[in-house]
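**Q** For reference, the structure I am asking about is given below.
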Amino acid sequence: MKVFGLSGIRAVITVSGKDQVGIIAWIATLLARHNANILDTSQTILEELFSMTMIVDLAALNIEFSDLRDILANQGEIRGLKVAMQYEDAVFR
């Protein structure tokens, strides 16, 4: 299998929506399936609103960045969540 990851490249993932059981397990499983390593995470729940930010290492990613971004967004939408992923340097400019 060809590895598409980029050494030293990190991304920021944000997740928001109505709180529900299994959000963290779902996204951690999906990221692990594609070899994205979770480096840090912060999450909070305000009343029924779930919000999470993750920093992930893409060095061993086994699919294209854009494919993972689309999978996260599409699978999140199915669960009623808004999920976005962008390169870390685009966030912290």
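**Q** How big is the shadow of the Cα convex hull of the chain, averaged over all directions, in nm²?
**A** Mean orientational projected area (the chain, Cα hull): 5.9 nm².
**Q** Can you compute the modelled spin-label distance between D40 and I55, with each label point 7 Å from Cα toward Cβ, in nm?
**A** Output for this residue pair reads 0.3 nm.
**Q** Another question, then. What number comes out for accessible area per residue over the chain if the probe is 1.4 Å? Units Å², please.
**A** With all protein chains present, the chain gives 62 Å² per residue.
**Q** Also, quick follow-up: For the chain, take the longest principal axis of its alpha carbons; what is the angle in degrees between that and the long axis of helix 23-33, to the nearest 10 within 0 to 90?
**A** Its long axis makes an angle of about 10 degrees.
**Q** Using a/c under 1.5 as the rounded threshold, could you call the stretch 41-93 rounded, prolate or oblate? The axes a ≥ b ≥ c are square roots of the C-alpha gyration tensor eigenvalues, and prolate needs a/b larger than b/c, oblate otherwise.
**A** oblate
**Q** Taking the full set of protein chains and a 1.4 angstrom probe, give the accessible area of D89 in square angstrom, rounded to the nearest 10.
**A** 100
**Q** Output the relative contact order of the chain, whole-number percent, from Cα pairs under 8 angstrom with separation of 6+ residues. Intermediate results must be reported in sequence, preceding the final value.
**A** Values: 165 pairs, mean separation 40.2, N = 93.
For the chain, the relative contact order is 43 percent.
**Q** In the chain, what percent of the accessible surface is made up of carbon and sulfur (1.4 Å probe, ligands and nucleic acids excluded)?
**A** Heavy-atom surface of the chain belonging to carbon and sulfur, 1.4 Å probe: 53 percent.
**Q** Counting Lys and Arg as +1 and Asp and Glu as -1, what is the net charge of the other residues whose Cβ lies under 11 Å from the Cβ of V83?
**A** +1
**Q** Further, regarding this structure: Quickly estimate the mean residue ellipticity at 222 nm for the chain, helices only: each DSSP H run with n ≥ 4 gives -39500 (n - 2.57), and the total goes over all residues, rounded to 500.
**A** -9000 deg cm²/dmol
The values are calculated or read from the model by the stated rules, or taken from the named source; none is laboratory data. Since the structure is predicted, the reported quantities are computational estimates derived from the model, not experimental observations. For neighbour counting, all protein chains shown are included, and Cβ atoms are generated from backbone atoms with ideal geometry for every residue, glycine included. Accessible surface is based on the protein model in full, side chains and every heavy atom, while ligands, DNA and RNA are left aside. Shrake-Rupley method; radii C 1.70, N 1.55, O 1.52, S 1.80 Å.
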